[in-house]
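Only one structure is covered here, and it is reproduced in the block below.
Values in this text are rule-based calculations from the coordinates and carry no lab data. Keep in mind that this is a model prediction, so the values were computed, not measured. Note that each Cβ is placed from the backbone with ideal geometry, even for glycine, and that neighbours are counted across all protein chains shown.
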Amino acid sequence: MTKGSGNILKNKKLFYLALFLFLVYIIMSIPFLYESYPEANLFLWGIPMTSWNVINYVGIIALTLLVVSLYLISKSLNKYQGRILLIAILLSAIFPQFLANTYQKTIASGGYAISYEQELSECEITKTNNRTLLGECEIILMNHSNGEVELSMEFIDKYNKDEHSLIEIVNNDAPYELILQGNERKRLEIRTNVNISKLENPVNGGSMTSMNIIIKSDGVERKL
C-alpha cells in the first residue's frame, strides 16, 4: 500500500501478518486448551506459564505471538497506533475467555459442556473414632448442553503438599460416577469412611475449599 499521511496503513502485508498472528494467539489462549487454570501458579497477561509446576510451552508460545503481533501492528500503521493497540490489548484480554464461555454454553457437548463452581466447593474431614476418618465433600457441576453427560470425577492435589493426605481421604471411593441431565446444575455430596491405618500420612481431620478435580467423559479429560 502506498505510504502517505492519509493512509492508516503503512504496510498492508505487515498488518495482515500481525492480524494472522493475533488470531493464532486468540485460538491458543482459549482456556479449554489449558483446561486447568486453577493449578497454574505463574500467569502473564492471564496466560498460564506453568501447569502443575511444569513449564507450559503453549502458554509461552501464545504470549510470544501476542507480543510479536502487537509490535507488527504498531510498525504497520501510519497513525492511530495508540488507539488500535489499546483495542488489540483489550481484545487479547477478554476475547479468549468470551469464546470459551460462548462455546461451552452453546455448542459444546460431553465433558466440554461441564463447568465446575470451584469457589462453592468444600470438604470436611472429621475423626469419628480412633481408627476411622469421615470425609464429606460438596461440589457443584453444571451441564450446559441439552444432552445427558455421564462422567467420572476425582479430586487432585493442589500445590500445598500438606493437603495430600486430605485428598487421599476424600478420594477413598474415587472415581465417583455421576450423570448430569441436559442443562442440569448438580450439587454432588460425597461421604466416605477411611481406616486411618490405610493412610500414608494419617491426620486427625481438617477442611479444604476450592479443591481441584479431574473429570473424564467419553475420552475427554479435563482438570478443573
> When ranked by the protection proxy of mean other Cβ atoms within 10 Å per residue, highest first, what sequence do the peptides 97-110, 211-224 form?
Replying inline: 211-224, 97-110
> Which FRET efficiency, nearest 0.05, do VAL58 and GLU189 yield, Cβ-Cβ r, R0 30 Å?
Replying inline: 0.25
>> Please arrange PHE20, PHE15 by how many other C-beta atoms lie within 10 Å of their C-beta, fewest to most.
In response: PHE20, PHE15
>> Using the basic label-point model (7 angstrom from Cα toward the beta carbon), what is the ILE196 to THR209 distance in nanometres?
In response: 2.7 nm
>> If neighbour count is taken as other Cβ atoms inside 10 Å, put LEU66, LEU151 in order from fewest to most.
In response: LEU151, LEU66
> Which FRET efficiency value, to the nearest 0.05, is calculated for ALA93 and ASN146 with the Förster distance at 25 angstrom and r the Cβ-Cβ distance?
Replying inline: 0.20
